[in-house]
Amino acid sequence: MTTMTTMTDTSTAADAPAPAATTDGSVQLRLDGTWLTVCAAARLTPGRGVAVLLPDGRRQAALFLDRAGRLYAIDNRDPFSGAAVLSRGLVGSADGRPFVASPLLKQRFDLETGRCLDDDEAGVGVYEARVSA
Amino acid sequence: MHPNAPVATPDTPPEKTLVLVGHGMVGQRFLEALAEQGLTTTHRVVVLCEEPRPAYDRVQLTSYFSGRTPDELSVTDAEFIEKHGIELHLGDPAEHIDRRARTVTSRSGRTLAYDTLVLATGSVPFVPPVPGKDAAGCFVYRTIEDVLAIEAYAKENATTGAVVGGGLLGLEAAGALQGLGLGTHIVEFAPRLMPAQVDDGGGAALLRTLTGRGLAVHTGTGTQEILTDDAGAVRAMRLSDGAELEVGLVVFSAGVRPRDQLARDCGLAVGERGGITVDERCRTSDPAVYAIGECAQAADGRVYGLVAPGYEMAQTAAAAIASGDDCDAAFTGADMSTKLKLLGVDVASFGDAHGAAEDCLDVSYADSRSGTYKKLVVGADGTLLGGVLVGDTEAYGTLRALTGSVPPVPAEQLVLPAGAGAAPALGPEALPGDAVVCNCHNVTKDAVQACATLPEVKKCTKAGTGCGSCVKLIGQLLPQSGDQGLCGCFAQTRQELYEIVRTLRIASYQELLDRHGRESARGGEGCETCKPAVASVIASLAPAIGADGYVLDGEQAALQDTNDHFLANLQKNGSYSVVPRIPGGEITPDKLIVIGEVAREFGLYTKITGGQRIDLFGARVEQLPLIWAKLVDAGFESGHAYGKALRTVKSCVGQTWCRYGVQDSVRMAIDLELRYRGLRAPHKLKSAVSGCARECAEARSKDFGVIATASGWNLYVGGNGGATPRHADLLAQDLSDAELVRLIDRFLMFYIRTADRLERTSAWLERIDGGLDHVRDVVVDDSLGICAELEALMADHVTHYRDEWGETLADPERLARFVSFVNAPESPDPLVAFVPERGQIKPDLPLLTLRPLEGSSAR
Ligand code: SRM
Ligand SMILES: Cc1cc2nc3c(=O)[nH]c(=O)nc-3n(C[C@H](O)[C@H](O)[C@H](O)COP(=O)(O)OP(=O)(O)OC[C@H]3O[C@@H](n4cnc5c(N)ncnc54)[C@H](O)[C@@H]3O)c2cc1C
Ligand code: SF4
Ligand code: FES
């Protein structure tokens, strides 16, 4: 589902993964069978998200990059509050699986499945994302 | 209710009536035991309570002076009383018992017929018959009413007080007088303090430490007379050695006497030296009448003045009432072990502390420098019989549980402090399974270990819910109790991470995680708990470790909570609020107008905050830079309402205008706010400066509060409003401007260095070993020799401070993140919408109501 990409690592740590040079290329989301180009890969910061407005002008996706350079996209709307804020949450990992914690009331969502880790009955949709050259 | 009126529903009248006289700690425990035995369903239970309030924690009485309210001291759960249909009559003592008719008559005239009568009347303080003992200003120390009366009297009439009696209760009372800010004397007839609990060596260690804390201790001296003034109020006290102490108030704490008068009057047997005689089932000489707690003389002939034996008697009596003649519960005597913190000094004694057994030996260790004294009493065969610990009671739980057995290591090793000679490698593992870990509730190590967490232990076994002295040992017996780690990613505490970052100069979260994180978390993404916590540590050490102080640069940007990331506070609908800094709450009309204009232009909801500034709500992400461009232009800076950082320093108008003011509180508030603005801390920091003791700025509810005096400033620390309010404690008095700033610098940096994540100064001060005294030692007396370093760190912070909004606006790259959508920078979020209310806007909520995640806390 996700495509590998590498990003400039902005940390100054001596032994952090060596910064790879691929800041070019653009990020795409798969919607109804077609790939929508959303932004330059260089706009993303590892561990942080951005929001994407989908073509219907209402729906939104939250796009994340992890430190290994993997991309994830889930629905941006926090099902607990109704506000479109998941892209502004903090990314983390639990048992090796990436999640984002809602910035409002901190419920966590698995970035691969959209499942809410703190409430079996809640979840959000997921999108395929990739970097195209 | 009419006397004798039936209480239960008419269709199931309980057959029998049980009357309890006295609702103290033991009485309440007895009611709980009745309920556990199912007796509340078979009996009508009526309680006569002399005090105007239901049972409360008498043991913790003195904590009233550190802020516990009478309500918080309560040990009575109204729901419990109601659920079990218990009739509780407050302020209505029993006055007469007619054993033949089996009735009790109360002061209000109630006559209650009983089948079973239980006396739990406790004790009454003993007041020696010295002339003047009834003068105004003489008190005893036993009830909440006593405490309130002492407090009220001291406020109006006394600056110095004396306590008659240097035993456990006397020291408690002395703690209360100190808590009231009175100069305090203790007069003890015996040659040492706490004669009943400790030996000469222990008493000497105690004396040294207490004298060091400003108490005047007079041992080996009696009280001869209380001298009064013309109005009949206490003015001084004459001692047996002829000396006169000028005091405005006297508290008698010379021991207690069992309250057995009711029993005597109705012909029940009482002991020679008082106390209602009971057998092993706690029955008096009349089988229908039981006596428990401090009013009873147990089957072993002793009257126990401690709560744990009382609880055991309560259990025994309830079991005896439940099972009648086949009762196998018995109270044959109890251990007099105690562990106390008196006036900040830990004191414990257990088992045969005085070495009364034949052929026993004692092993002791004394260090007068640190005020530590330890003595163990060992039998001829090596059995540990008891001991006394003063100053360091670390080993109390383990030693008490080992009493009666031969310890696995020689006794002399057990008294040596850790690090001296061979390590006393005696952990809780060494305890046998049937060792009693919690004395109050008689809970064994095995029972504790059947549970997984402390809350579970408390719920299932009640261990730890009495005096609390066993909680530490329980913690050591529970699985993974050693894991104090910050979160699933780090096994270290925040303080440990702070030290790692500081000493190894690690300026990167990833590096910290990959090198120092838990094995399983290394190389991962971290989590929402440790990321902001580490970001805060790095930010507060930034200049010292060579990191960039700007919180949104590079990796730091990815670590911050959304509020810090957008330098604004996220609201429930996804919009943000904007709080410009208004130092000290002082603002010019022109600046006020700018705020008004900005709010009007962007249509923001505007509100005066509780922190003497103005909050503008309802800004969308992409509006934040536009709004701040105008504010920065007019000379405003970020107010850090979003950060775990200094919020506001509130001020009162002070000397400049106020007829009472003695210092310029506004100027000082502004100076302090500008000095500490932007400082990142484990939690938010608030402050205030008042121009005189009227305290209009509410400085004592702040993390650091300053109150003007005629000759300078008083500094208070550890105050808190919010969910768990706490009044700040006085750290130092009459400081000059420079001394004040220097002390605050040190205090804040010491807090930042040692506090836990999201721990306000109030909670920190309560938690750290030694509390306020320790903090004072460190920041006032430089006992750790770190003050120069703390000051240097603060100086670094002050020189490197830059306004985050000013910096952000100056950098187009940083500004690029302030968009709702990465692919449509111009579009606003269609879900952020508003409707009008009272002439302003409010969020038009998309649909749902917010439901907090269990265990989550507001950030
Ligand atoms: C705006 C304001 C209420 C108001 O309309 O007056 C406010 C608003 C919030 N407070 Fe507060 N507090 C405000 C004054 C206070 C005060 C009064 C004071 O400072 O004099 C207190 C009690 C004093 C204290 O802190 O000791 C206060 C105690 C809290 C607490 C409880 C803290 C505690 O230690 O128990 C929280 C929760 C937390 O920090 O974990 C909190 C948290 C919050 C948060 C940050 C909750 C959140 O995450 O959304 C609110 C966000 C503000 C925003 O979005 O802009 N707020 N809050 C006040 C802003 C003052 C300012 O100018 O900065
Ligand atoms: C300041 C202080 C500190 C202490 N610290 C410790 C400690 O650290 N460890 C420890 O183990 N113990 C400590 N104690 C002792 C402990 O509080 C007592 O052992 C315990 O409270 C005894 O409980 P009780 O129910 O028997 O008596 P009490 O708690 O005294 O309760 C008896 C109740 O009966 C009421 N009463 C009396 N006569 C009548 C009547 N005729 N009709 C109706 N009601 C009546 C009284 O008003 C009182 O409310 C301390 C005591 C004090 C005062
Ligand atoms: S605290 Fe004192 S100086 Fe300040 S406003 Fe109140 S009365 Fe005036
Ligand atoms: S020993 Fe008192 S609560 Fe456990």
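Based on what the data block shows, is residue B:597 open to solvent by 30 Å² or more (accessible area, probe 1.4 Å), acidic (Asp, Glu) and within 29 Å of residue B:836 (Cβ to Cβ)? Reasoning before the result, please.
Numbers: open to solvent by 30 Å² or more (accessible area, probe 1.4 Å): yes; acidic (Asp, Glu): yes; within 29 Å of residue B:836 (Cβ to Cβ): yes.
Judged against the criteria, residue B:597 is a match.
Could you check, for the stretch B:516-528, whether at least one of its residues is open to solvent by less than 10 Å² (accessible area, probe 1.4 Å), more than 30 Å from residue B:75 (Cα to Cα), more than 23 Å from the chain's Cα centre (by Cα) and modelled with pLDDT of 85 or more? Working first, answer last.
Start the filter on the stretch B:516-528 by keeping residues that are open to solvent by less than 10 Å² (accessible area, probe 1.4 Å), which leaves B:517, B:526.
Then keep just the ones that are more than 30 Å from residue B:75 (Cα to Cα); that gives B:517, B:526.
Right, trim to more than 23 Å from the chain's Cα centre (by Cα) and you get B:517, B:526.
When the remaining residues are screened for being modelled with pLDDT of 85 or more, the result is B:517, B:526.
Scanning the stretch B:516-528 turns up at least one residue that is open to solvent by less than 10 Å² (accessible area, probe 1.4 Å), more than 30 Å from residue B:75 (Cα to Cα), more than 23 Å from the chain's Cα centre (by Cα) and modelled with pLDDT of 85 or more.
Quick check on residue A:133: is it surrounded by 21 or more Cβ atoms within 10 Å (Cβ to Cβ), among the aliphatic types (A, V, I, L, M) and in contact (Cβ under 8 Å) with a residue 24 or more places away in the chain? Steps first, answer last, please.
Values: surrounded by 21 or more Cβ atoms within 10 Å (Cβ to Cβ): no; among the aliphatic types (A, V, I, L, M): yes; in contact (Cβ under 8 Å) with a residue 24 or more places away in the chain: yes.
In short, no.
Does residue B:678 satisfy the criteria of being more than 16 Å from ligand 1 (Cβ to nearest atom), outside any strand (DSSP E or B) and at positive phi?
Details: more than 16 Å from ligand 1 (Cβ to nearest atom): no; outside any strand (DSSP E or B): yes; at positive phi: yes.
The answer is no for residue B:678.
Evaluate the following for residue A:118: is it under 23 Å from residue B:521 (Cβ atoms), at the interface with chain B (Cβ under 7 Å from one of its Cβ atoms), among the acidic types (Asp, Glu) and within 12 Å of the chain's Cα centre (by Cα)?
On the way: under 23 Å from residue B:521 (Cβ atoms): yes; at the interface with chain B (Cβ under 7 Å from one of its Cβ atoms): yes; among the acidic types (Asp, Glu): yes; within 12 Å of the chain's Cα centre (by Cα): no.
It is false that residue A:118 is under 23 Å from residue B:521 (Cβ atoms), at the interface with chain B (Cβ under 7 Å from one of its Cβ atoms), among the acidic types (Asp, Glu) and within 12 Å of the chain's Cα centre (by Cα).
Take the residues in the stretch B:831-847 that are more than 27 Å from residue B:722 (Cβ to Cβ) and facing chain A (nearest Cβ under 9 Å), then tell me which one is modelled with the highest pLDDT.
Top of the filtered list is B:832.
Are any residues in the stretch B:39-85 within 16 Å of ligand 1 (Cβ to nearest atom) and either at pLDDT 90 or above or within 26 Å of residue B:17 (Cβ to Cβ) (or both), and if so, which ones?
Within the stretch B:39-85, none qualify.
Could we say that residue B:250 is open to solvent by less than 60 Å² (accessible area, probe 1.4 Å), in contact with a Phe, Trp or Tyr (Cβ under 9 Å, 6 or more places away or on another chain) and in a strand (DSSP E or B) here? Show your work before the answer.
Working: open to solvent by less than 60 Å² (accessible area, probe 1.4 Å): yes; in contact with a Phe, Trp or Tyr (Cβ under 9 Å, 6 or more places away or on another chain): yes; in a strand (DSSP E or B): yes.
Taking the combined requirement at face value, the residue satisfies it.
In this structure, does residue B:645 turn out to be more than 14 Å from chain A (Cβ to nearest Cβ), within 16 Å of ligand 3 (Cβ to nearest atom) and crowded, with 23+ Cβ neighbours inside 10 Å?
no
Do any residues in the stretch B:802-827 that are more than 14 Å from chain A (Cβ to nearest Cβ) have Cβ atoms under 6 Å from those of residues that are open to solvent by 20 Å² or more (accessible area, probe 1.4 Å) and not in a helix (DSSP H, G or I), where the two are at least six apart or on different chains, and which pairs are they?
Listed by first residue and then by second, the contacts come to B:803/B:637.
Which of the residues belonging to the stretch A:105-115 are open to solvent by 10 Å² or more (accessible area, probe 1.4 Å) and either within 7 Å of another protein chain (Cβ to nearest Cβ) or assigned to a strand (DSSP E or B) (or both)? Steps first, answer last, please.
Taking the stretch A:105-115 first, the residues open to solvent by 10 Å² or more (accessible area, probe 1.4 Å) are A:105-106, A:108, A:112-113, A:115.
Correct list: A:105, A:106, A:108, A:115.
Which pairs have Cβ atoms under 7 Å, sit 6 or more apart or on different chains, and link a residue in the stretch B:55-73 that is of a type in the set (Gly, Ala, Ser) to one that is open to solvent by 20 Å² or more (accessible area, probe 1.4 Å) and within 16 Å of ligand 4 (Cβ to nearest atom)?
B:55/B:25; B:55/B:75
Kindly provide the set of residues from the stretch A:71-92 that are facing chain B (nearest Cβ under 7 Å), open to solvent by 10 Å² or more (accessible area, probe 1.4 Å) and over 13 Å from the mean Cα position of the chain (by Cα), ordered by number.
If the condition is that a residue be facing chain B (nearest Cβ under 7 Å), open to solvent by 10 Å² or more (accessible area, probe 1.4 Å) and over 13 Å from the mean Cα position of the chain (by Cα), then A:80 is the only one that fits.
Is it the case that residue B:172 is surrounded by fewer than 20 Cβ atoms within 10 Å (Cβ to Cβ) and of a type in the set (Asp, Glu)? Full working, then the answer.
Numbers: surrounded by fewer than 20 Cβ atoms within 10 Å (Cβ to Cβ): no; of a type in the set (Asp, Glu): yes.
The answer is no for residue B:172.
Taking the stretch B:181-193 only, how many residues are within 16 Å of residue B:344 (Cβ to Cβ) and surrounded by 18 or more Cβ atoms within 10 Å (Cβ to Cβ)? Spell out how you get there, then give the answer.
Going residue by residue through the stretch B:181-193, those that are within 16 Å of residue B:344 (Cβ to Cβ) are B:181, B:184, B:186, B:193.
In the following step, the residues that additionally are surrounded by 18 or more Cβ atoms within 10 Å (Cβ to Cβ) were identified as B:184, B:186, B:193.
The qualifying residues number 3.
Which residues, counting only those in the stretch B:283-301, are under 16 Å from residue B:114 (Cβ atoms) and open to solvent by less than 30 Å² (accessible area, probe 1.4 Å)?
Applying the first criterion (under 16 Å from residue B:114 (Cβ atoms)) to the stretch B:283-301 yields B:283-284, B:286-292.
Passing the criteria: B:284, B:286, B:288, B:289, B:290, B:291, B:292.
If you scan the stretch B:613-653, which residues turn out to be over 23 Å from residue B:798 (Cα atoms), basic (Lys, Arg) and outside any loop (DSSP other than H, G, I, E, B)?
B:630
Name the single residue that is farthest from ligand 2 (Cβ to nearest atom) among those in the stretch B:713-729 being crowded, with 17+ Cβ neighbours inside 10 Å and within 18 Å of residue B:692 (Cβ to Cβ). Quick ask: steps written out before the conclusion?
Taking the stretch B:713-729 and keeping what is crowded, with 17+ Cβ neighbours inside 10 Å, we get B:713-720, B:726, B:728-729.
Pick out the ones that are also within 18 Å of residue B:692 (Cβ to Cβ) and you get B:713-716, B:719, B:728.
On the way: B:713: 35, B:714: 29, B:715: 31, B:716: 26, B:719: 26, B:728: 25 Å.
Filtering first and then ranking leaves B:713.
Given the criteria at pLDDT 90 or above, open to solvent by less than 50 Å² (accessible area, probe 1.4 Å), away from ligand 1 (no atom under 16 Å from the Cβ) and outside any loop (DSSP other than H, G, I, E, B), does residue B:268 qualify? So that I can check it myself, show each step before the final result.
Working: at pLDDT 90 or above: yes; open to solvent by less than 50 Å² (accessible area, probe 1.4 Å): yes; away from ligand 1 (no atom under 16 Å from the Cβ): yes; outside any loop (DSSP other than H, G, I, E, B): no.
Spelling it out, it is not the case that residue B:268 is at pLDDT 90 or above, open to solvent by less than 50 Å² (accessible area, probe 1.4 Å), away from ligand 1 (no atom under 16 Å from the Cβ) and outside any loop (DSSP other than H, G, I, E, B).
Just one of B:304, B:311 is open to solvent by 20 Å² or more (accessible area, probe 1.4 Å), hydroxyl-bearing (Ser, Thr, Tyr), within 14 Å of ligand 2 (Cβ to nearest atom) and within 29 Å of residue B:397 (Cα to Cα); which is it? Talk me through it step by step, then tell me what you get.
Working: B:304 fails: open to solvent by 20 Å² or more (accessible area, probe 1.4 Å).
Answer to the selection: B:311.
Taking the condition of being touching a residue at least 60 places away in the same chain (Cβ under 8 Å) and assigned to a loop (DSSP other than H, G, I, E, B), how many residues in the stretch B:118-142 meet it?
First pass over the stretch B:118-142, keeping only residues touching a residue at least 60 places away in the same chain (Cβ under 8 Å): B:118-128, B:130-133, B:135-142.
Then keep just the ones that are assigned to a loop (DSSP other than H, G, I, E, B); that gives B:120-122, B:126-128, B:130-133, B:135, B:137, B:141-142.
So the count comes out to 14.
Which numbered condition trips up residue B:205, out of (1) open to solvent by 60 Å² or more (accessible area, probe 1.4 Å); (2) within 15 Å of residue B:346 (Cα to Cα)?
So residue B:205 meets the others, but not (1).
So which pairs qualify, if the first residue must be in the stretch B:619-647 and in contact (Cβ under 8 Å) with a residue 60 or more places away in the chain and over 29 Å from residue B:749 (Cβ atoms), the second must be of a type outside the set (A, V, I, L, M, F, W, C) and open to solvent by 40 Å² or more (accessible area, probe 1.4 Å), the Cβ gap must be under 8 Å, and the two must be at least 6 apart or on different chains?
Hits for this filter: B:620/B:828; B:622/B:825; B:622/B:826; B:622/B:828.
Given the structure, is residue A:53 facing chain B (nearest Cβ under 10 Å), open to solvent by 10 Å² or more (accessible area, probe 1.4 Å), farther than 19 Å from residue B:813 by Cα and not acidic (Asp, Glu)? Walk me through how you get there before you give the answer.
Working: facing chain B (nearest Cβ under 10 Å): yes; open to solvent by 10 Å² or more (accessible area, probe 1.4 Å): yes; farther than 19 Å from residue B:813 by Cα: yes; not acidic (Asp, Glu): yes.
Yes; evaluated as a whole, the condition is true for this residue.
Could you tell me whether the stretch B:187-194 includes any residue that is at pLDDT below 90 and under 30 Å from residue B:230 (Cα atoms)?
Initial filter on the stretch B:187-194 (at pLDDT below 90): B:189-194.
Retained after the next criterion (residues that are under 30 Å from residue B:230 (Cα atoms)): B:189.
Checked the stretch B:187-194: at least one residue is at pLDDT below 90 and under 30 Å from residue B:230 (Cα atoms).
The values are calculated or read from the model by the stated rules, or taken from the named source; none is laboratory data. All of these numbers come straight from a predicted model, not from anything done at the bench. FYI the Cβ positions are ideal-geometry reconstructions off the backbone, even for glycines, and counts take in every protein chain you see. Remember, those area values only see protein heavy atoms, side chains included, never the ligands or the DNA or RNA. Shrake-Rupley method; radii C 1.70, N 1.55, O 1.52, S 1.80 Å.
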